[in-house]
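The values are calculated or read from the model by the stated rules, or taken from the named source; none is laboratory data. Values in this document were obtained by computation on a predicted structure and should not be read as measured data. So basically every Cβ, Gly included, is an ideal-geometry build from the backbone, and we count neighbours across all protein chains shown. We work out accessible area using only protein heavy atoms, side chains counted, and drop any ligands, DNA or RNA first. Shrake-Rupley method; radii C 1.70, N 1.55, O 1.52, S 1.80 Å.
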Amino acid sequence: MDEVKLKYFASVARHLSFTKAAEDLHVVQSTISKQISALEKDLGVKLFHRDHQSVSLTPAGARLASDVDEYLEQYRTIDERVRRLYIETDQRLRIGIGPLEFSVIAQPLRLFTARWPTVEISCAVYTYQRLVRHLRTGTVDIAVGPITCASDVSGAVYTPARRENWVVTAARDASLWTLPRESQSVLEGQTVITLFENIFEPVRPHCIKNDFRQVAFSHCTYLSPLITMVRARCGVSLLPASLRESIPPDIIMKPGLLRVPLEQDVVVSYRPNLSNTAVEHFLDCCREVFNQPMSSHQQV
């Protein structure tokens with residue numbers, strides 16, 4: 001299974017058409033067919049159902065399609081690591097950010113680009129599970145997220161950024177605001193919208209551990225769908241207070257409401273064995289903005 005075959009598979013899976021995939025990749029259709037057949041032979045499974053009228057994914061094909069972007073990203077990471085062996089100073093910085101932490105690095109990033117404007121920067125938001133995986137494999141140089149993510153990567157080094165205070169968030173006309181304050185403070189009778197349950201998501205365990213009186217949990221992946229669900233009154237949520245500027249005006253964020261406050265440390269982490277001077281320059285900017293000693297770092 002190589003990168004070329006995966007690229008061809010990804011295009012066919014996206015278009016569900018060998019013809020459109022060939023147009024997309026600027027090759028003849030027979031090339032696509034040969035590469036897909038070779039991939040199926042490599043894997044020992046059938047990836048597509050094909051007839052004269054349609055193309056559809058088999059269960060094995062659907063599973064591969066859900067992961068193919070990540071596989072391709074790992075191929076690119078391997079290529080990047082090899083190229084780094086032949087350059088003295090990196091001119092590229094890849095930053096991975098957790099789904100709720102993007103506001104943390106705005107100031108360090110501004111300072112960094114002012115000082116090193118020629119460095120190519122890529123920024124991407126990932127679920128916490130993928131952020132950890134990408135930091136572990138070197139797909140990202142810098143990971144910005146909760147300290148629990150950094151702690152899950154053996155040998156990772158991190159610089160503290162700030163402690164986030166999570167606040168109750170709900171639509172302006174949500175039923176929560178009509179309840180007595182003592183009921184609001186334990187989310188009485190509410191559906192709580194969280195990120196998908198995982199070991200890095202703090203809201204669900206906080207509610208359960210402290211005997212809040214929510215009736216159910218709903219889940220989503222990133223901030224945008226979470227806001228959509230809150231606006232649609234599908235439930236309430238707990239979000240970092242630093243996201244206030246990203247929240248539309250028809251949603252209320254109320255600090256100091258929870259009976260038991262929820263706080264979480266956010267850190268900027270990296271793996272020290274990466275030979276990338278841009279990483280150290282960026283970390284210096286982070287330490288300056290977050291008022292940390294220039295030599296400060298902690299190893300997991």
Here the residues within the stretch 116-136 that are among the charged types (D, E, K, R) and outside any helix (DSSP H, G or I) are Glu120
Restricting attention to the stretch 140-147, does a residue exist that is of a type outside the set (A, V, I, L, M, F, W, C), under 14 Å from the mean Cα position of the chain (by Cα) and within 30 Å of Leu258 (Cα to Cα)? yes
Whether any residue in the stretch 11-19 is assigned to a loop (DSSP other than H, G, I, E, B) and open to solvent by less than 90 Å² (accessible area, probe 1.4 Å) is what I want to check. yes
Residues being assigned to a helix (DSSP H, G or I) and in contact (Cβ under 8 Å) with a residue 40 or more places away in the chain - total across the stretch 46-61: 1
I'm trying to understand the selection: among the residues of the stretch 15-40, which are in contact (Cβ under 8 Å) with a residue 24 or more places away in the chain and within 32 Å of the chain's Cα centre (by Cα)? Leu16, Ser17, Phe18, Ile32, Gln35, Ile36, Leu39
What number goes with the only condition from (1) over 21 Å from Pro272 (Cα atoms); (2) surrounded by fewer than 16 Cβ atoms within 10 Å (Cβ to Cβ); (3) in contact (Cβ under 8 Å) with a residue 24 or more places away in the chain that Gln190 does not pass? (2)
Does Tyr71 fit the bill of being surrounded by 14 or more Cβ atoms within 10 Å (Cβ to Cβ), in contact (Cβ under 8 Å) with a residue 40 or more places away in the chain and not aliphatic (A, V, I, L, M)? yes
Given the criteria out of contact with any Phe, Trp or Tyr (no Cβ under 6 Å at 6 or more places or on another chain), open to solvent by 20 Å² or more (accessible area, probe 1.4 Å) and at pLDDT 95 or above, does Glu197 qualify? no
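So, Pro180, is that one loosely packed, with under 13 Cβ neighbours inside 10 Å, at pLDDT below 95 and at negative phi or not?
So Pro180 does not fit the description; no.
Within the stretch 258-287, can you find the residues that are in contact with a helix residue (DSSP H, G or I) (Cβ under 6 Å, 6 or more places away or on another chain) and open to solvent by less than 40 Å² (accessible area, probe 1.4 Å)?
Leu262, Val266, Val267, Val268, Ser269, Tyr270, Phe282, Cys285, Cys286, listed by residue number.
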When you scan the stretch 202-222, do you find a residue that is buried (at least 16 other Cβ atoms within 10 Å of the Cβ), polar (S, T, N, Q) and under 19 Å from the mean Cα position of the chain (by Cα), even just one? no
Have a look at Thr113, Thr148, Thr139 and point out the one that is among the polar types (S, T, N, Q), part of a helix (DSSP H, G or I) and surrounded by 16 or more Cβ atoms within 10 Å (Cβ to Cβ). Thr148
Only listed residue being among the β-branched types (Val, Ile, Thr) and farther than 29 Å from Val289 by Cβ, chosen from Val157, Val236, Val144: Val236
